[in-house]
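Report on the following structure.
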Amino acid sequence: MAAISSAGIGSGLDVASIVSQLVAAERGPADQRISIATTRANTTVSALGNFRSLLASLQTASKALLPGTGGTASGLGKLTATPVNSTYYTATAENKAVAGNYAVEVVSLAAASKRASDLYASSAAIVGNGDVTVAVGGNAFTVSLVDGANTLADLRDKINAASDNSGVGAAIVSDTGGARLLLTSRSTGTANAVTVTTSLFNTTVSQPAADAVVRVDGFQTTSSSNTVTTAVDGLSLNLIKAEPGTSTALNVTLDQKASEQAVATFVNAYNNVVKFVASQTKFDPVAQTAGILLGDSTVLSATQALRGVIGGTTDSAGAYKTLSALGITTSSDGTLISDPAKFNKAIASDFASVQKLFSADDGIARKLEALSKRLLADDGQIKARTDGLNARVKDLSKQQIAVDTRIQAYEARTRAQFTALDSLLSKLGTTSTYLSQQLANL
């Protein structure tokens, strides 16, 4: 049987404790260095992620001060369209609309085309075998009736299920005399009239297709639907009830509260960026601690660029060329302070100039939106800095693995050395005891 041995048994030397302490001393500095560097890199990546999020919010707030795509309403310059009497129509306004008053007369509403078939005893009545071609606005499709599937109900179902149905709904309507197939165009207007071609039955018009007719300040416009977008550029009229000969006033005005709120959101988004950077780059002389982004060139350069835009001038704006002219000033800590009264006064005095201050080619919101876009781009500075830090974390992980491998070898080597020493000391002890005994016997 093999002998069971343990380090330190022979001489009484505590090999396990000695090896453990030596390994800890060897591992400690490397582990500490890698741990500190990894924590700092991960913390910086997290801080940069928060910075990116705040910049994205600032970009969104800046966009809200620019005219929307295709003239859609933005926060700044949003218009409201209010009928004096909403019985006949409602209205919405895009940014390209012009504030003013209009007289609107709803002459007639758009209607969907409807055609009804001959009268049958019931929905189960046999229509016959053959093709039925239905067209809506020139787009036609055909269904076929055959033995076993040729009732009025079958015809309804085939029309509704047709994959190339061009926009017509089929229903069966019944009265005391029997049942009819009713075909209804899904779109209003004369261009979407329903026609039926078949030798199996006849159809008659139960409701003619009609275009909506509206007059604005006496000028007449037609529309295939009851949503009229061509009467006044930038205005959409949603017709409800026709009343020929009756004009209702429509007031299109600037939504001052929406503009004020859009600017307030913009100011808040910018201040959030400034406050975050301040908190992450400060140094506490008492505690001797520094913010994780202190000295970070990427964040510092981005912040300086933002401040440059905020404090800049828009030469093409007109009467109001700076934010301070609107009552938006910079405080000692770099955040913006807004004076709503002064801002509203500027809007009332020269809204066009206020709008240009933000949205002109050299406007503040325009430049901030573009700057934020560059900073947040996949090839931008923040992304590059983040990628570099993530690569650093991976490298540190590899370094940790290398340290673990080296320490394992060191531990094995040290344990072997002290085990050998323990064995040697044990032999020397045995020899010493033997010699002592021999000398005693002389």
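The values are calculated or read from the model by the stated rules, or taken from the named source; none is laboratory data. None of the values given here were measured: they were computed from a predicted structure. No Cβ is skipped: glycine too gets one built from the backbone with ideal geometry, and neighbour counts run over all protein chains shown. Protein only, heavy atoms only, side chains kept; ligands, DNA and RNA dropped before computing areas. Shrake-Rupley method; radii C 1.70, N 1.55, O 1.52, S 1.80 Å.
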If we keep only residues of region 357-368 that are modelled with pLDDT of 90 or more and part of a helix (DSSP H, G or I), then the residue most open to solvent (accessible area, probe 1.4 Å) is Arg366
Filtering region 369-383 for residues that are assigned to a helix (DSSP H, G or I), of a type outside the set (Lys, Arg) and free of Cβ contacts under 8 Å to residues at least 40 places away in the same chain leaves a count of 1
When you go through (1) out of contact with any Ser or Thr (no Cβ under 6 Å at 6 or more places or on another chain); (2) modelled with pLDDT of 95 or more; (3) farther than 20 Å from Thr248 by Cα; (4) not aromatic (Phe, Trp, Tyr) one by one for Thr90, which number turns out not to apply?
(3)
Among the residues of region 320-336, which ones are within 15 Å of Glu260 (Cβ to Cβ) and without any contact (Cβ under 8 Å) to a residue 12 or more places away in the chain?
none
Checked against (1) out of contact with any strand residue (DSSP E or B) (no Cβ under 7 Å at 6 or more places or on another chain); (2) farther than 30 Å from Ser62 by Cα, Thr248 satisfies every condition except (1)
Any residue in region 280-292 that's open to solvent by 100 Å² or more (accessible area, probe 1.4 Å): show its pairings with residues that are of a type in the set (Gly, Ala, Ser) at Cβ separation under 8 Å, as long as the two are six or more apart or on different chains.
Lys282/Ala290; Lys282/Gly291; Phe283/Ala290; Phe283/Gly291
Out of Val98, Val45, which single residue is modelled with pLDDT under 95, more than 20 Å from the chain's Cα centre (by Cα), surrounded by fewer than 20 Cβ atoms within 10 Å (Cβ to Cβ) and in a loop (DSSP other than H, G, I, E, B)?
Val98
Out of all the residues in region 64-82, which are modelled with pLDDT of 85 or more and either buried (at least 19 other Cβ atoms within 10 Å of the Cβ) or part of a helix (DSSP H, G or I) (or both)?
Ala64, Leu65, Leu66, Leu79, Ala81
All but one of (1) open to solvent by 30 Å² or more (accessible area, probe 1.4 Å); (2) closer than 26 Å to Ser46 by Cα hold for Leu306; which doesn't?
(1)
Screening Ser185, Ser259, Ser247, Ser236 for residues that are among the small types (Gly, Ala, Ser) and open to solvent by 30 Å² or more (accessible area, probe 1.4 Å) leaves only Ser247
Candidates Arg52, Arg115, filtered to the one that is open to solvent by 40 Å² or more (accessible area, probe 1.4 Å) and under 30 Å from Ala391 (Cβ atoms)
Arg52
Of a type outside the set (A, V, I, L, M) and at pLDDT 80 or above: does that describe Gln438?
no
